[in-house]
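Below is one structure, written out as structure tokens; the observations come after it.
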Amino acid sequence: MDATEFRKRGKEIVDYIADYMENIEKRQVYPDVEPGYLRPLLPDSAPEEPERFEDVFKDIERIIMPGAASPACTELETVMMDWLGKMINLPPQFLVGNGGAGGGVIQGTASESTLVAMLAARTKAICRALSENKDLTQGDVIGRLVAYASDQAHSSVEKAAVIAGVKIKEVPTDDTFAVCGSVLRKVIEEDKASGLIPFFFCATLGSTPCCSFDKLLELGPICNKENIWMHIDAAYAGSSFICPEFRYLLNGVEFADSFNFNPHKWLLVNFDCSAMWVKNRSDLTSTFKIDPLYLKHEHEESGLITDYRHWQIPLGRRFRSLKMWFVFRMYGVKGLQEHIRKHVKLAHEFKELVLQDDRFEICAEVILGLVCFRLKGSNELNEALLQSTNNARKIHLVPCYLREKYVLRFAICARTVESAHVQFAWNHIKKLAGDLLKAQKQQ
């Protein structure tokens, strides 16, 4: 959709909203649809090819409005999460439509998903420990719980542990900045021997510093054997799994208790939209379910509906699945795959430009749309390069440390990015680097 069509469609939607407001008294106050009404009205999976805006917009009145804000809000979310789960080939136990015990929910951010998973894991671990030893108190158990995450994991994992009031330990990574099974097993055994209770491990797929991937096929069986909840944080990288050539990066998800990625990062869905799946939804509802009289409804005990307030921290929620519905239909799976592949291709184009200049080095394997690079030289030199780059305000780079090296990160992320932008960025960086090196020689 270009700017001209966006203006046209935007005006149409404003007119629709205005008409709705003017005629709201003619609409039903309370929907008369039955639980589960929406799923039969939609296909089982997302369309492969793009659909017309007119057809999607027409379906709002036909499919959504009879269910008003609820149950349509809830039921569309359940279906969209199944659509997205099928797009990345999630195991069937994570999907509601296949009769599994799990399901998907839209959280605000990956940080929320990690916290929700950790709190559910904590509840489960406390219940298990108390059932095994009647002499323990809840406080005794919480004081011994320990969570784990890669030394490359996002800071939100540590923050979740702070909120949950549990210990957390970094697990050292290998030469590819990934956690492997033998290292995790060693840390777990040491902690068990000292009286701690390992209960949660956050595996990272596509780490923030360098887009590294923990080894799920090694880690999953260990977590399952030790009754450790394995949560997978694939906030950025998860969108790429819609492409068959990148789906191998998710192998081992079958061992996970929960999995999350952000369609608002790389799948063209506006912020906020963080997709989270659990293998057993009762793990969430048993943790978060609080039922005052004013929130009860007639179908609550029927088992026919999903009540997402029991799957999250906030009570209220927005109709976030509607934007997923529009994006999935207007791009189609093939269109979204083309978007991912284009970005990966552009990242590799930038990598090749870096490799052609012997003043620079690549610092981590380029798998998706992130390139970690630096000038050969001191950390101070690279800090100066970053500062001069960002001060020029033509492009923006964010740094990281990899094994004590100060590294620059080039991320392909804008929807409209083209090869010309990559070439412009590289020429800009090269010029600034040349100026720095020249000034260094003159000192």
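Carbon-plus-sulfur accessible fraction, segment 21-177 (probe radius 1.4 Å, protein heavy atoms only): 53%. When 421, 339 are compared by accessible surface with a 1.4 Å probe, the order from highest to lowest is 421, 339. Rolling a 1.4 Å probe over the protein chains gives residue 155 an accessible area of about 80 Å². Between the residues 410, 336, 179, the greatest Cα displacement towards the positive end of the dipole of the chain, with unit charges on the Cβ of Lys, Arg, Asp and Glu, is found for 410. Solvent exposure of residue 122, expressed as accessible area, is near 60 Å², computed with a probe of 1.4 Å over the protein chains only. Within segment 406-443, whose backbone N sits under 17 Å from a point 7 Å along Cα→Cβ of residue 388? In segment 406-443, the label zone of residue 388 (backbone N under 17 Å from the point 7 Å along Cα→Cβ) covers 407-409, 425-443. A viscosity of 1.567 mPa s and a temperature of 4 °C, combined with the Kirkwood radius over Cα pairs in Stokes-Einstein, give a translational diffusion coefficient for the chain of 54 µm²/s. Across the protein chains, with a 1.4 Å probe defining accessible surface, the residues 403, 329 rank 403, 329 from largest area downward. Summing charges over all other residues whose Cβ lies under 10 Å from the Cβ of residue 166, with Lys and Arg as +1 and Asp and Glu as -1, gives +3. When both segment 130-157 and segment 184-232 are represented by their alpha-carbon centers, they are found 13 Å apart.
Got a number for carbon plus sulfur as a percent of segment 344-443's accessible area, 1.4 Å probe? So the carbon and sulfur contribution to the accessible surface is 50 percent.
Ordering 5, 75 by accessible area with a probe of 1.4 Å, largest first, what comes out?
Sorted descending by solvent-accessible area, the residues read 5, 75.
Accessible area per residue was computed with a 1.4 Å probe on protein heavy atoms; residue 229 scores about 10 Å². Here each label is just a point 7 Å from Cα along the line to Cβ, and for residue 193 and residue 440 those points are 4.5 nm apart. What residue among 207, 156, 111 shows peak mean-square fluctuation when the chain is described by a Gaussian network model with Cα springs under 10 Å? Maximum fluctuation in the GNM of the chain, among the listed residues, is at 156. Helical content alone sets the calculated 222 nm signal of the chain at -14000 deg cm²/dmol, taking -39,500 (n - 2.57) per DSSP H segment of four or more residues and averaging over every residue. The simple Förster model, with R0 at 35 Å and r as the Cβ-Cβ distance, assigns residue 349 and residue 315 a FRET efficiency of 0.15.
Placing a label point 7 Å from the Cα of residue 55 along the Cα-to-Cβ direction, the residues of segment 323-344 whose backbone N falls under 17 Å of that point are 325-336.
For the pair segment 1-46 / segment 56-105, the C-alpha centres are spaced 16 Å from each other. Working from Cα pairs under 8 Å separated by at least six residues, relative contact order for segment 324-421 is 24 percent. The mean sequence distance of close C-alpha pairs (under 8 Å, at least 6 residues apart), as a share of the length of the chain, puts its relative contact order at 16 percent.
Considering only 146, 277, 213, and ranking their Cα positions along the charge dipole of segment 146-287 that arises from unit charges at the beta-carbon of Lys, Arg, Asp and Glu, the one farthest toward the positive end is 277.
The values are calculated or read from the model by the stated rules, or taken from the named source; none is laboratory data. All values derive from a computational prediction rather than experimental measurement. Here the Cβ is made from the backbone with ideal geometry for all residues, glycine too, and neighbour counts use every protein chain on show. Areas reflect the complete protein model, heavy atoms only, side chains present, ligands, DNA and RNA absent. Shrake-Rupley method; radii C 1.70, N 1.55, O 1.52, S 1.80 Å.
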